[in-house]
1. Given a Förster distance of 41 angstrom, what is the FRET efficiency for HIS9 paired with TRP111, based on the Cβ-Cβ distance and rounded to 0.05?
2. Read through the labelled values [x] 68, 12, 9; [y] 24, 17, 12; [z] 30, 14, 9 and report the label of the one computed as semi-axes √(5λ) of the Cα gyration tensor in Å from the structure.
3. Could you check the spin-label model distance between ASP72 and GLU57? Points 7 Å from the Cα along Cα→Cβ, value in nm.
4. Lys and Arg at +1, Asp and Glu at -1: add these up for the other residues within a Cβ distance under 14 Å of HIS51 and post the number.
5. Quick one: 3J(HN,Hα) in Hz for the range 50-60, Karplus 6.51/-1.76/1.60 with θ = phi - 60°, rounded, Gly and Pro as x.
6. Quick one: which residues, 5 or more positions from LEU48 or on another chain, have an amide H under 5 Å from its amide H? H modelled 1.01 Å from N in the peptide plane, none for Pro or chain starts.
7. Place a +1 charge on the Cβ of each Lys and Arg in the chain and a -1 charge on the Cβ of each Asp and Glu, then give the dipole magnitude about the Cα centre in debye, rounded to the nearest 20.
8. In nm, give the distance between the simple-model label positions of VAL100 and ARG119, each being 7 Å from the Cα along the Cα-to-Cβ direction.
Amino acid sequence: MDDAASDIHPEVPPSSTGCAECDEHGGWWVHLRRCAACGHIGCCDDSLGRHATAHWEQTGHRVIQSFEPGEDWFWDYGAEAMIDGPELAPPHAHLPSQGVPGPRDRVPGDWQRQLAAARRADG
């Protein structure tokens, strides 16, 4: 945890209440993750964009926390392990009204088919 601890900044608020890249392009996500270093909100690896992992690959910010209501777990990409971490600045999750997947008004009717096709393409 020593290396990961330096990449957690509890005072930094989240960048938004939705995936920054998906919001920019009108996309949708399955679950949201928050960068513990800079507050960037990205979508999870089950989402088509996988923007939380892309953020780690681009910045080296290795620790994320779930940004889902009722979840407070941390993941360290560098160690490929769950870790403990401090309470981060609020808000701690997206609004429940966003839905999962979300946001509700942008989720296509065939979202499950799209995710299954993406998983098959990944092999």
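1. Working: r = 33 Å, r/R0 = 0.81.
Working from the Cβ atoms, E equals 0.75.
2. Evaluating semi-axes √(5λ) of the Cα gyration tensor in Å on these atoms matches [y].
3. So the label points at ASP72 and GLU57 sit 3.2 nm apart.
4. Numbers: positive: ARG33, ARG34, ARG50; negative: GLU21, ASP23, GLU24, ASP45, ASP46, GLU57.
So the surrounding residues net to -3.
5. Values per residue, Gly and Pro as x: 6, 6, 5, 5, 4, 4, 4, 5, 7, 10, x Hz.
6. VAL30
7. Numbers: 9 positive and 20 negative charges, 121 e Å.
With only Lys, Arg, Asp and Glu charged at Cβ, the dipole is about 580 debye.
8. A separation of 1.6 nm, rounded to one decimal place.
Readers should treat all values here as calculations from the given coordinates under stated rules, not as data from a laboratory. Here the structure is a predicted model, which means the values were calculated and not measured. Virtual Cβ from ideal backbone geometry, glycine too; neighbours counted across all protein chains shown.
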